[in-house]
Amino acid sequence: MNAVATTWVSGAAGSPYDVDNLPYGVFSREGQPPRVGVRIGDFVLDVATVAAYGRDRASEGDLDLASVWAQPTLNAFLALGRPAWDAARTWLVEVLGNEVHRARTEPHLMPVDAVTMHLPFEVADYVDFYCSIQHATNVGRIFRPDGDALLPNWRHLPVGYHGRAGTVVVSGTPVLRPSGQRKRPDEVAPTYGPSRRLDIEAELGFVVGAPTALGSSVATGAFAEHVFGVTLLNDWSARDIQAWEYVPLGPFLGKSFATSISAWVTPLAALDAARTPLPGQDPAPLDYLRVEEPAGLDIALEVLLNGEVVSRPPYAAMYWSPAQMLAHLTVNGASLRSGDLFASGTISGDERDQRGSFLELSWGGAEPFAAARTFLEDGDEVTLRATAPGTAGGRIALGEVIGRIAPAR
Ligand code: MN
């Protein structure tokens, strides 16, 4: 429970969705087009309608939030940048925190169960990193048992690849088992068919708001000017397709069939109290990757398989920080667009029950876990959940990510 009751919204004070959280999403009611909503307690606030009431108020200046929030994605709001995001947050805390606004605001709260949630933003580009040294070491040992677990570049740069933006889906979207070329080590040639090693990757996704021009780069210190917030992210992975195709150019069809994100984007400002020092980097990174501490995030994840917790990955254990990912992503002059999404890579801690993929939990399929399971079966449902310290002294929740496996077509 949070220490301070800060909102008049029924049941929200002290909940994981108090006014120190306020994640953004896109919702619709039956027969109406999608628009931006903000979650408070178990309600969604129709922020465009409420903001329109205040258009004539001098204190809100020239910021026309009502029109950007009336749109079917967060992209226009994301493009406004840090000063607008901060002003919006200040306004929301006032509207939801001060009883004087209750009468005109309360009619625009809807139970979250009564609305449909949509993909919160149109994903521009999608990049996935590989920032957990525990995950990279585990995967190295499983895929290359006779070689060095970490490749020579790993401690010098955040390794990443470009994923497929168009197949990022919102929580709740069914995940079709992909088909493709698979070859077991004991087979001489590949066969075509449904993946036999379908897996998850528990990750955090970072949502870029403020764009940059081609040729410019984003210094680690400018991270918060460009990144609006975070989502939980499940990077569904077909390990058999991946293992056969990934040399020498990296992941391709083994990951591009679906990536699930939360319906809610948690603003960076809600994670101020979650900032924590990195576990330590050796050797010291090159200058463009240097960060001021605390550069990490203390976010506690849970992975559930069919309702049972099978892992608790700690984001605080990540080797590379979010600001380092963004600095590296742009150091060659690659520009950013509003709606760019970059993810951390699988989050794994030191302990066996902190591993963020079934590949690691089952050690390449050799060690069944959770009711004799190795990889995903049709009908399985995976849920990612997470909480973090909130600025009011309690814990805030990130929006969960749920996906159920549908049989291959
Ligand atoms: Mn991944």
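The values are calculated or read from the model by the stated rules, or taken from the named source; none is laboratory data. The structure presented is a predicted model; accordingly, all values stated were derived computationally and were not measured. Positions of Cβ are generated from backbone atoms using ideal geometry, with glycine treated the same way; all protein chains shown enter the neighbour counts.
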Considering only region 271-280, how many residues are assigned to a helix (DSSP H, G or I), within 15 Å of Leu204 (Cβ to Cβ) and of a type outside the set (Gly, Ala, Ser)?
1
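Which members of region 360-385 meet the condition of being within 16 Å of the ligand (Cβ to nearest atom) and within 20 Å of the chain's Cα centre (by Cα)?
Val382, Leu384
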Residues to consider are Leu398, Leu384, Leu329, Leu376; find the one that is part of a strand (DSSP E or B) and touching a Phe, Trp or Tyr at 6+ places or on another chain (Cβ under 8 Å).
Leu398
Flag if Asp353 is away from the ligand (no atom under 16 Å from the Cβ), in contact with a Ser or Thr (Cβ under 8 Å, 6 or more places away or on another chain) and acidic (Asp, Glu):
yes
Wholly within region 191-270, strands (runs of 3 or more DSSP E) carrying at least 1 residues that are more than 13 Å from the ligand (Cβ to nearest atom) and surrounded by 24 or more Cβ atoms within 10 Å (Cβ to Cβ):
202-208, 227-234
Unmet criterion (only one of (1) part of a strand (DSSP E or B); (2) of a type outside the set (Asp, Glu); (3) touching an Asp or Glu at 6+ places or on another chain (Cβ under 6 Å)) for Gly339
(1)
Quick one: would you say Val95 is in the same structural domain as Ser28 (by TED's automatic domain parsing), within 30 Å of Val47 (Cα to Cα) and touching a His at 6+ places or on another chain (Cβ under 7 Å)?
yes
State whether one or more residues within region 163-185 are at pLDDT below 95, farther than 23 Å from Leu326 by Cβ and not basic (Lys, Arg).
yes
If you go through region 336-385, how many residues are aromatic (Phe, Trp, Tyr) and on the phi > 0 side of the Ramachandran plot?
1
Residue pairs qualifying under the 8 Å Cβ cut-off, at least six apart or on distinct chains, with the first in region 117-130 being touching a residue at least 12 places away in the same chain (Cβ under 8 Å) and among the β-branched types (Val, Ile, Thr) and the second being in a strand (DSSP E or B) and within 16 Å of the ligand (Cβ to nearest atom), are Val123/Val168; Val123/Leu341; Val127/Gly160; Val127/Tyr161; Val127/His162; Val127/Leu341; Val127/Phe342; Val127/Ala343
Looking at region 54-62, is at least one residue at pLDDT 95 or above, surrounded by fewer than 20 Cβ atoms within 10 Å (Cβ to Cβ) and in contact with a Gly (Cβ under 9 Å, 6 or more places away or on another chain)?
no
Any chance Ala300 is touching a residue at least 12 places away in the same chain (Cβ under 8 Å), more than 16 Å from the ligand (Cβ to nearest atom), surrounded by 19 or more Cβ atoms within 10 Å (Cβ to Cβ) and within 30 Å of Thr73 (Cβ to Cβ):
no
List, please: which pairs have Cβ atoms under 7 Å, are six or more places apart or on different chains, and start with a residue in region 68-91 that is in contact (Cβ under 8 Å) with a residue 12 or more places away in the chain and end with one that is hydroxyl-bearing (Ser, Thr, Tyr) and in a loop (DSSP other than H, G, I, E, B)?
Asn75/Ser338; Leu78/Ser338; Ala79/Ser338
